[in-house]
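My questions will all concern the structure given below.
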Amino acid sequence: TPRVQKWLWQGRVPIGAPTLMSGAGGVGKSSLTAWLVARATRGELDGDRKGEPINVALIASEDDLEAVLTPRMVAAGADPNRVTVISGKVQEIDDSGHHLGGIEDALDTIPQVNLDLVAINEQLVEFGIGLLIIDPITSTQRDEDRRTDQVRDSLAALLTMAQRLDIGMVW
C-alpha cells in the first residue's frame, strides 16, 4: 500500500528508514552529527516533527562519550537531557563456557545487532527515542557475522525496527 514518506529532516533523514552518512575522515561527519542531534533535541529540524523536540539515542564506538561526544553535542546546542547511549551486555565466561554472575553483573558494550536487537528495541522504546545514530554501523557487526548475507539480515532488522517504531536512523 503506498504511503507518504515522513521526514525527520526534510529530504535528508526519513522517518522509518535509515540514512547512510559516509565520507573520508576529517570532512565533518561528526560535526554534522552533533548539529543534527542539537537540532533534533530542540525541535528545530525542518520536517514533519518541526517544533517537537525529540530524544536521540547513540550507539557510538569510536569517540569517548564524556570527553568527545557530549562536549561536541553541547557546543552544537543539543539538550543533553534528550540524549542517551544504547548499550549491549557481555557476560564474562569461565574456562568451561559458563556465565559468571547474572545479567546484572554483565559489562556494558557496543550492541551487536544480531545478538542485541531485542535489547536495542527495548531501550529505544523505554527512552522514547525519535532518532537513532549508529557510528559506525560496522561496530554493530561481530567479526564472524560480517558475511554479506548476515550484514543484510541485521541491517534489514534495523530497518524493520525503524519502521515499527516510526523513528529516523542515521548510520
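The values are calculated or read from the model by the stated rules, or taken from the named source; none is laboratory data. If you're wondering where the values come from, they're calculated on a predicted model, not measured in any experiment. Cβ sites come from the backbone with ideal geometry, for glycine too, and all protein chains shown count toward neighbours. Heads up: the accessible areas ignore ligands, DNA and RNA and are worked out on the full protein's heavy atoms, side chains in. Shrake-Rupley method; radii C 1.70, N 1.55, O 1.52, S 1.80 Å.
Determine, yes or no, whether Ala67 is surrounded by 14 or more Cβ atoms within 10 Å (Cβ to Cβ) and among the hydrophobic types (A, V, I, L, M, F, W, C).
It is false that Ala67 is surrounded by 14 or more Cβ atoms within 10 Å (Cβ to Cβ) and among the hydrophobic types (A, V, I, L, M, F, W, C).
Name the single residue, out of those in region 1-21 being part of a loop (DSSP other than H, G, I, E, B) and within 15 Å of the chain's Cα centre (by Cα), that is surrounded by the fewest Cβ atoms within 10 Å (Cβ to Cβ).
In this case the residue turns out to be Leu20.
I'd like to know if region 39-49 contains one or more residues that are in a helix (DSSP H, G or I), of a type outside the set (Phe, Trp, Tyr) and open to solvent by 20 Å² or more (accessible area, probe 1.4 Å).
Among the residues of region 39-49, at least one is in a helix (DSSP H, G or I), of a type outside the set (Phe, Trp, Tyr) and open to solvent by 20 Å² or more (accessible area, probe 1.4 Å), which makes the answer yes.
So, one more: Taking the stated definitions as given, is Leu159 at pLDDT 90 or above, surrounded by 20 or more Cβ atoms within 10 Å (Cβ to Cβ) and not charged (D, E, K, R)?
no
Same structure again: Checking Asp149 against (1) at pLDDT 60 or above; (2) more than 25 Å from Ala24 (Cα to Cα); (3) more than 13 Å from the chain's Cα centre (by Cα); (4) open to solvent by 80 Å² or more (accessible area, probe 1.4 Å), only one condition comes out false. Which one?
The single condition Asp149 does not satisfy is (4).
Moving on. Have a look at Val85, Val125, Val170, Val74 and point out the one that is open to solvent by less than 50 Å² (accessible area, probe 1.4 Å) and either of a type in the set (Asp, Glu) or at pLDDT 65 or above (or both).
That would be Val170, the only listed residue that is open to solvent by less than 50 Å² (accessible area, probe 1.4 Å) and either of a type in the set (Asp, Glu) or at pLDDT 65 or above (or both).
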